[in-house]
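A.B. asks: Just passing along the structure, written as structure tokens.
The values are calculated or read from the model by the stated rules, or taken from the named source; none is laboratory data. Please read all numbers here as calculations on a predicted model, not as lab measurements. Cβ atoms come from the backbone with ideal geometry, glycine included; neighbour counts cover every protein chain shown.
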Amino acid sequence: MIRKAREEDIPQVAEIYGRILENEITGRAFTGWQPGVYPTARTAREALEQDELYVMEESGSVAAAARINRAQVDVYAQCPWQYEAPAEQVMVLHTLVVDPRTAGAG
């Protein structure tokens, strides 16, 4: 089930960030993220406070998370998008994470 995140989800989201960052350090992932810099529990909390954090829950645990909003970085304007759309009609997916323990399960 995908739903808006709640305060009690923050520790699980932060744990997923940590597992992905561990995989980055060991060469099993290539995100460019840096431990202690991005993403952190604060990253998730800020998204929650802006009502922009969503989670996918499976069997009572958070299996994935993402921030969805309208904030586009400048370089997005340079991309050759298939469809033109005004900024107010565009949603942007940020910090999409899937728990490495459940990744690849479909």
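A.B. asks: When the range 1-58 is examined, which residues are found to be of a type in the set (D, E, K, R), within 20 Å of Ala105 (Cβ to Cβ) and touching a Pro at 6+ places or on another chain (Cβ under 9 Å)?
C.D. replies: Residues of the range 1-58 of a type in the set (D, E, K, R): 3-4, 6-9, 15, 19, 22, 24, 28, 42, 45-46, 49, 51-52, 57-58.
Now drop any that are not within 20 Å of Ala105 (Cβ to Cβ), which leaves 3, 9, 15, 19, 22, 28, 57-58.
Within the range 1-58, Arg19, Glu22, Arg28 meet the criteria.
A.B. asks: Scan the strands (runs of 3 or more DSSP E) fully inside the range 1-97 and keep the ones with 2 or more residues being among the small types (Gly, Ala, Ser), surrounded by 10 or more Cβ atoms within 10 Å (Cβ to Cβ) and out of contact with any Leu (no Cβ under 6 Å at 6 or more places or on another chain).
C.D. replies: On the way: elements: 2-4, 53-58, 61-69.
Hits in the range 1-97: 61-69.
A.B. asks: So which of Gly106, Gly36, Gly27, Gly32 ends up being modelled with pLDDT under 95, more than 12 Å from the chain's Cα centre (by Cα) and within 20 Å of Met1 (Cβ to Cβ)?
C.D. replies: Numbers: Gly36 fails: within 20 Å of Met1 (Cβ to Cβ); Gly27 fails: within 20 Å of Met1 (Cβ to Cβ); Gly32 fails: within 20 Å of Met1 (Cβ to Cβ).
Of Gly106, Gly36, Gly27, Gly32, the one residue that is modelled with pLDDT under 95, more than 12 Å from the chain's Cα centre (by Cα) and within 20 Å of Met1 (Cβ to Cβ) is Gly106.
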